[in-house]
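To keep things clear, I will list the structure first and then write my remarks on it.
Since every read-out is calculated from the coordinates, none of them should be taken as a lab result. Every value quoted in this text rests on a predicted model; they were computed, and no experiment measured them. Virtual Cβ from ideal backbone geometry, glycine too; neighbours counted across all protein chains shown.
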Amino acid sequence: MRLALVQDHLLTQGGSERVFLQMCRAFPRADIYTLAYSPSRTLPEFRDLPVRTSWMNPVVPSHDVFRTAFPLARGVMERWDLRDYDVILTSSASTAKYVRRHRALHICYCYFPTRAIWTSEQYFGTTSLGIRGRIFRAFLPSFRRRDLAAAARVDHFIGISRVSAEAIGRIYGKEAEILHAPIDAERFRPGAEEPRGEHFLLVSRLERWKRLDYAIEACTRMDIPLRVVGQGLDEARLRSLAGPTVQFVGPVGDDQLVREYGRARAVIFTPELEYGLVPLEANAAGTPVIALGRGAMPEIMVDAVGGSDAPTAVFFQEQSPEAVMDALARFENIRFDPVALIAHARRFDIPAFREGLRRMVEEYASRLPCSVD
């Protein structure tokens, strides 16, 4: 059986890229496709894989450019000829699910229905849209119709979490099984051996919809040391909110990220998302989390308020500086066991994901004449 793996793009070192890498390793004989690939910007492990790109590759060098080129990228994905395959497995936060020139069974591992289309106010903000945002909003009804048509062509959806599956059902009208995204727990375990510092940590792309702003304000108001790892279009605004205790580190490699996790007192997680690799990676390094207790966080983290003897996080319920300040104060009175944190993270380790993904794909493809390689 011929299997194609398709990713939106490989232009960052974000969560979907890490998940897609494990998809490639789960199916080592599959052909790999993505609209654009930058070896210097994404995970170095992809350099050892035969990644096939579209004609857009030379003109889309970064994630920021990809966002602007979304309407064109969607059309390119629709026209990509994949008719030689029996099964297509897409990893999609935006465009991969648009594939249509094929005869194959299409299985989509969907992080969330295209966020810019279905949660546009959260994605772009409600003020200072800029020309790109205003143009995008003008075409939003058309974009939504086309996104629904793309979803209708998918044979089977797999959601990254219960929140993701519920959104797929609500927006696309499709049922989705759930397979939690993996972390490489062993990669982050050495962080537990690092000397613990006095600072807190944010790890994220610096984009407005990620809502790092209120955590930066909270730490500034409390004179608490905070390190911010990442880069993005919202950096200038976030720097303007930060006081002298906030340090912007920029992007870091995997080895440095492990050290950052291990040395922090806790990782602060601010967005309301369908998942969160960062909190799980922090736990894998023996570090607790202070997180907005909405979205998928109650699904993958254990709140200290619940009475568990092995909590992994302190939750707050509002996206405000005051809520984070209250959580930081409560954090001081809670004991976290690094051994228990690491054990919790291992529930989401790579082997379980690969086994679950292979089982699902083979089950969906069982009507085809041969098994998946």
Practice problem: Provide the packing ranking of 239-248, 273-282, 146-155, i.e. peptides ordered by the mean count of other C-beta atoms within 10 Å per residue, highest first. | Solution: 273-282, 146-155, 239-248
Quiz prompt | Length gained when the stretch residue 368-residue 198 is fully extended (0.36 nm per residue, less Cα-Cα span) | solution = 55.5 nm
Exercise. Run the numbers on segment 38-164 and let me know its relative contact order in percent, using alpha-carbon pairs under 8 Å that are six or more apart.
Key: 22
Quiz item: What angle, in degrees between 0 and 90 and rounded to the nearest 10, separates the Cα long axis of helix 15-26 from the longest principal axis of the Cα atoms of the chain?
Solution: 50
Practice problem: Quote the Stokes-Einstein diffusion coefficient, in whole µm² s⁻¹, for segment 38-188, based on the Kirkwood radius over alpha carbon pairs, a temperature of 10 °C and a viscosity of 1.306 mPa s. | Solution: 94
Quiz item: Tell me, in nm to one decimal, what length is gained between residue 84 and residue 177 on full extension, where the rule is 0.36 nm per residue of separation less the Cα-Cα distance?
Solution: 30.8 nm
Quiz item: Percent relative contact order of segment 185-346, based on C-alpha pairs within less than 8 angstrom and at least six residues apart?
Solution: 25
Quiz item: Which angle from 0 to 90°, rounded to the nearest 10, does the C-alpha axis of helix 350-364 make with the longest principal axis of the chain?
Solution: 30
Practice problem: Return the tail of the calculated pair distribution for the chain, meaning the percent of Cα-Cα pairs more than 33 Å apart. | Solution: 29
Self-check item: Cα convex hull of segment 185-346 - mean projected area over all directions, nm²
Solution: 8.3
Self-check item: Crossing angle, helix 321-331 versus the chain [Cα axis fit, 0-90 degrees, rounded to tens]
Solution: 70
